[in-house]
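Here is the structure we will look at.
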Amino acid sequence: MDERNDINKFRRKRKQKSIAVRGMVFLIVLIAAILIAANWRKLIEPFKDAALNTGDGGFPVLLPGSTQYAMGELGENFYLLTDTYLYTYNAVGAELSGIQHGFQNPASDSNARRVVVFDRNGSGFKVFSRTSEIFSNVTEDSIVFAKAGNLDRCAVVTTSSRYSNYLYIFNGEGKQIFRWASPNEKIMQVCFGPNDDSVFAAVVGERDGDLQTSVLRFDFTNSESESWRSFIGNDVSFSLERCSDGIYAVTSGGAFLLDEQNGDISAQSEFTRQVVGISETDGLRAVFFRDSASNGEIAVAYSETLDAAAAITPDAVTAFDVCDGRLYILSGSKLYTYNSMLECTETHVLEDEYSDIKIMNNCAYLLGYNSVQRIEL
């Protein structure tokens, strides 16, 4: 009798264990299904792009009929924004999509996978992938500018009848997740933290008749106030960028590098000339100044401590770009390549004159009068 009871207990325990295992497996499958459903668009987007029949492509890419063009980067691809359409192309020049945006004064910003197109001084904006529209939205006030995040989020800065500006943050599905009203300071630029969980803003206000420029950090878990505020002088800000070594801000009076966590200024440099151009940071920081003596421009490269490391006076600068520690300057029908010490290492004689340049895939993409050309570097 005792032996039968032991067998029955063993069978019950084994059955209970089997039920518990099946329950655990079911719970894991259910959680996985919920996660896949919640992130379905993100998961399927790369495969949708890969499945496109894009054709052979090839350069030059003839421009579609339009009165204006702007060229931008989209990961290893590029796009053209016209007065009516957004066109996307892959690296070899094959068209991926052509979508009508419907804005009167279109402008754009992008990251590796998304393009934000907004109606400057209007109220609408749309977010696109390489192949389709992801979402559209409308703001209550006029849009001043928009900024794409590093991942799926985007920032939109608008005017306001009650405040100086509004800063809105939208997630990847177009839902507003953060809003900040700037009481009496104009928002000049914004940039995102590495995971899009924070945003930095350069603002300009006035005190006792003098301009006051500051950089602020906002964490989206705290919508009450800024996490820190750092004063960077009495000059108008021109650019704001998050880099691996901190927050890089450039004003008309100098450059500043701020600690991302607390806003402390770790390096700065003072300018004595008029700023006419600022490169993004990619192994090299370059600022272009007006040279009154030659009526041209001076390009200055800055070190990690924002000391002036080298300077050149290039020929008439049409456009420029920085990539992997090299500065590329487009001048007339020539393209010059400079190293980090601004020593010319290569010169390309072009077949035509171009108005803009983007360096991607170890190639230069050149925007011309009626086409986009690509040359290998």
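Could you tell me whether the range 261-335 comes out rounded, prolate or oblate from its Cα gyration tensor? Rule is a ≥ b ≥ c as square roots of the eigenvalues, rounded for a/c under 1.5, then prolate if a/b exceeds b/c, otherwise oblate.
Oblate is the answer for the range 261-335, as a/c is 1.5 or above yet b/c matches or exceeds a/b.
Go through Lys186/Lys358; Lys126/Lys175; Lys147/Lys334 and tell me which ones have a Cα-Cα distance over 24 Å in this structure. Mind showing how you got there, number by number?
Numbers: Lys186/Lys358 30 Å; Lys126/Lys175 12 Å; Lys147/Lys334 32 Å.
Where the Cα-Cα span goes over 24 Å, the pairs concerned are Lys186/Lys358; Lys147/Lys334.
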- Message: If you average the C-alpha positions of the range 157-227 and of the range 323-346 separately, how far apart do those two centres end up, in angstrom?
- Response: 35 Å
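For the range 166-299, what value does the Rg/Rh ratio take when both radii are computed over Cα atoms and Rh is the Kirkwood radius, given to two decimals? Present the calculation step by step, with values, prior to reporting the outcome.
Values: Rg = 15.8 Å, Rh = 15.8 Å.
Reported Rg/Rh, Kirkwood definition of Rh: 1.00.
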- Query: For the range 121-216, what is the relative contact order in percent, using Cα pairs closer than 8 Å and at least 6 residues apart in sequence?
  - Reply: 17 percent
- Note down the magnitude of the dipole of the range 261-346 about its Cα centre, charges +1 on Lys and Arg C-beta and -1 on Asp and Glu C-beta and zero elsewhere, to the nearest 20 debye. 260 debye
- Calculate, axis by axis, the spread of Cα positions in the range 204-272 along the three principal axes, and write the results as whole Å, longest axis first. 39, 31, 17
- Query: Classify the range 292-353: rounded, prolate or oblate, from the alpha-carbon gyration tensor (a ≥ b ≥ c, eigenvalue square roots; a/c under 1.5 rounded; otherwise prolate if a/b is larger than b/c)?
  - Reply: oblate
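How would you rank 329-336, 95-102, highest first, on the average number of other Cβ atoms within 10 Å across their residues? It would help to have the intermediate numbers written out before the result.
Numbers: 329-336: 18.8, 95-102: 16.2.
The packing order, highest mean first, is 329-336, 95-102.
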- Query: Once you sort the root eigenvalues of the Cα gyration tensor of the range 246-300 as a ≥ b ≥ c, which label holds: rounded (a/c under 1.5), prolate (a/b larger than b/c) or oblate (the other case)?
  - Reply: prolate
- Largest to smallest principal axis extent of the C-alpha atoms in the range 116-222, angstrom: 51, 29, 21
- Query: Distance from the Cα centre of the range 269-310 to that of the range 63-113, in angstrom?
  - Reply: 30 Å
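Since every read-out is calculated from the coordinates, none of them should be taken as a lab result. Computed from a prediction, not measured in an experiment: that's the story for all the values here. Every residue, glycine as well, gets a Cβ built from its backbone with ideal geometry; the counts of neighbours run over all protein chains shown.
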